[in-house]
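What follows draws every value from the coordinates through simple rules; no lab data is involved. No experiment lies behind these values; they were computed from the predicted model shown. Using ideal geometry, Cβ is built from the backbone for each residue, glycine included, and neighbour counts are taken over all protein chains shown.
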Amino acid sequence: MKLKTNKISGKSLLKISILFGFILLIFLSAAFFRNQMAQKDLMVYSDSFADFVVKELEKEFLCVQSNIDSLAQIIIENVEEENIDEILKEQENALKRCIHLDGLAIAFKKNYLIKYPGLYSPYLRREEGKYVMLQISDIYDYTSDKAGVDWYQRPVKQRKSEWLGPIYGKAGGRKLFMYSVPLQINGEIIGVIAACYNLMEIYDILQNTGAGRIGFPYIVNKEGEFIAHPYNQNLNLKEVAIESNDNVLIELSNDIYSNTFNDDRYYHQNTVTKQYCWELIKNIDTSSLYMGISVNDNQIYGNPIYRNQKRKDIFVYSLVIYVLLLCLLYLIIFQAELFRNKLSVFVSFFSLISILEIMVITTFSVYYPVINISDEETQNIEFKKIKIIDKYKEQSKDSISSIVNRWNFSMILDKHGLVDYLTSYKEDITGKTKEIVKEVPTGVYLQTIKFKDSHSTDITGYVWQNYPLDWTDGRGIIFPDAEKSIIVLDDSTTIFNENGDVVNLFRWRFEVSIREPFNYIHYPLDRNDLWLRLWHKNFDKDIILVPDFSSYSLINPAFTPGLDAEIDLPGWIIEGSFFSFKEKEYNSSFGKEIYDIKHFFPELHFNIMLHRDFRDPLICKVIPLLVLLFMLYSILFIGGHTDGLNVVIGCSGLFFVAIFEHIHLRQSLNASGIIFLEYLYFITYLLLLLVTYCAMRNDIIIKVGSRDVSIINIAKLCFWPLFFFLILIVSCYTFY
């Protein structure tokens, strides 16, 4: 007897469909609106932060202008008496005050000084911890029109001070950015002073403003030539745009030249980071330059709490949409006279929608990977976040909080972050130690990384440290996590540090073998951090190793500072590298008095962010298993026309294939716990059992001549929907 079902009329079905469509639209609009508001908050914050960066740059350039203008006045007052010794002394003092200058040149016109006939041009430079004096006139005639030296000829012709660059300095053999001031007495130009920046020093200044926190910073002049850029200093912005076929950058370069900007138009794929970003452009009034920042919304070094929450939000939205689509699908198929074989159509669309939801979940789990952080790290992040928000009391705390949520405060990305961290640490230990905390700038450069097995890594490279000339607490480095290590002193010399002080540089070459607890729970969509833990040789003293930012032209994690470009890690993709502090509590005094036991002492870590290239596991593990499942599905068609024993034999063969692959997977990873890919094997085992049971049950039904519905047909209908639904459940459980 057929059961009667109440059908929904066409109009009612249309109304219900419109209602569900409206609900879907609301959810999609809410997700889009929330994302747009987050982007707007980011751009507002980035714009205000860019203004701060410009002010810091203007302070630097104004400091140079003030010192060089004062030096020009001193020279004018002393040159008539030919008091050259006094002039050279003031030249050195001015260079010492302007700690970021590469050199300072004073160039007089021909035969002006009786004491020094011909050309006289003392050029004082910083070089390997010393001030080196050169005579530019010994290299070329800077007064000759053929020499083509704008730093001298333009101020003389235009009779005014000017920022110039980039200019190739023949005396120093490098590109420079200069502030040139004409020396004028009674209307006569007697020479020029040129304050010279090395272009990489300009980039360091830019990085030290904290601009790297919000994106990728650079400086260009009106012609679009790069004054501060890690790579393309020999090109201009338009040449880079043409080379990369980027119309947005071509438009930007034209707008810079004409001094007209529209921030909304400059959204494109960054030519260096290969990430989509907005270009913020600001005018640096003191030097006729433009500062730009490529602001990327999805920074790989974002706050792990923020990224985990972002992934969960996407999961909730997608899951609600998934359920709504299934409800709408049910209404359309079962309540409307549109399809004959309703059940077959439903399970087909059910499988398709489930596949799409699995793709959404797994895709965003790669885009916003699961980052496991301890409760202690969470507390530290929240504590630092509160301190940052307190600095902006005059602004809305809600809006600032949403912006600050993006930043990963456990990373040390610039000097501002380092100073904030050390200040906080020193405040916490005030009165708890008798010794003064000393800082040792330390840098790392890795040349090779090789995974011996799933938990052991061999690393080779260089590490260096800067010590004051009066340092007495020993020098050296220790890798406490190393199973074995070889550290050999490679070089030592004297240099100028970023503050203009003379320090001793020691550089060691090392080879270490490190064992680290990698987490493979999300394999093959997993990510891991490889870290190098660093101690000072005298680790029982209050000596903190700090990152030597001045040794890296690129400290932004996306540019992998401290890693050789030729490093190859088969099966892994390097996301970035960065320095961080991890507060370690020791339960030993290392032989000293008990009151010297260190609590939450900051250890310097050099971290490498890795995510797996899932193409290899997909080809070697997933595809063979899917082929096995298709073979299992084909057995269902055979099971309807043969006895159950043959089906059992076929399933047992497939079972042994699956179990051997499963064992090989466990042995190759040596992972603890159940990994994501293993669930695929477990589901396969379950389907093998169900197919075997259905075949045996169907065999019994046929032999007793029962008229019951063929269980094999039901199994064929439910095979793929069940498989994809179980995969969906496993994906939700694993990644969310």
Phi-derived 3J(HN,Hα) across region 132-137 with the Karplus relation (6.51, -1.76, 1.60, θ = phi - 60°), rounded Hz, x for Gly and Pro, is 10, 9, 10, 10, 4, 5
Tell me which residues come under 5 Å, amide H to amide H, from Glu225 once H is placed; ignore anything under 5 positions away on its chain.
Leu237
What Rg and what Dmax come out for region 616-735 when only alpha-carbon atoms are used, in angstroms?
15.8, 52
5 Å is the cut-off here: which amide hydrogens, built 1.01 Å from N in the peptide plane, fall below it relative to Gly576, excluding neighbours closer than 5 in sequence?
Met609
Compute the distance in nm between two label points, each set 7 Å from the Cα along the Cα-to-Cβ direction, one at Arg154 and one at Lys222.
1.0 nm
Let's test the formula: R0 of 22 Å, r as the Cβ-Cβ distance of Phe33 and Leu331. What FRET efficiency results, to the nearest 0.05?
0.20
Once you put a point 7 Å from the Cα of Val488 and another 7 Å from the Cα of Val316, both along the Cβ direction, what distance in nm separates them?
5.8 nm
Full extension from Ser244 to Asn497: what is 0.36 nm times the residue separation minus their Cα-Cα distance, to one decimal in nm?
87.4 nm
I need the calculated FRET efficiency for the pair Arg615 and Gln667, taking r as the beta carbon distance and R₀ as 30 Å, to the nearest 0.05.
0.90
Quick calc: nm separation of the 7 Å Cα→Cβ label points for Tyr462 and Val366 -> 3.7 nm
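Could you list Glu357, Glu251, Glu80 so that the one with the fewest beta carbons within 10 Å of its beta carbon is first and the one with the most is last?
Arranged by neighbour count, lowest to highest, Glu357, Glu251, Glu80 become Glu80, Glu251, Glu357.
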Rounded FRET efficiency, nearest 0.05, which uses the C-beta distance separating Ser454 from Ile649 and R0 of 41 Å:
0.70
Please give the Cα centre distance for region 116-159 versus region 194-269, rounded to the nearest Å.
28 Å
Scalar couplings 3J(HN,Hα) for region 362-369 by Karplus 6.51 cos²θ - 1.76 cosθ + 1.60 (θ = phi - 60°), nearest whole Hz, x for Gly and Pro, are 5, 5, 6, 6, 7, 5, 10, x
Amide H proximity to Gly169 below 5 Å, modelled H, separation 5+ or other chain, gives Arg174, Lys175, Leu176
Enumerate the whole-percent occupancy of each 10 Å bin, from 0 to the last occupied one, for all C-alpha pair distances of region 121-194.
19, 52, 25, 4, 0
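Between Tyr267 and Tyr116, what is 0.36 nm times their sequence separation minus the Cα-Cα distance? Round to one decimal in nm.
Working: separation 151, 0.36 × 151 = 54.36 nm, distance 5.72 nm.
Roughly 48.6 nm would be gained on extension.
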How much length is gained on full extension from Ile189 to Ser258, taking 0.36 nm per residue of separation minus their Cα-Cα distance?
21.6 nm
Using Cβ counts within 10 Å as a stand-in for footprinting exposure, how do His664, His536 rank, fewest first?
His664, His536
Output wanted: per-residue J couplings in Hz (rounded whole) for region 508-514, from phi through Karplus 6.51 cos²θ - 1.76 cosθ + 1.60, θ = phi - 60°, x for Gly and Pro.
10, 9, 9, 9, 10, 10, 10
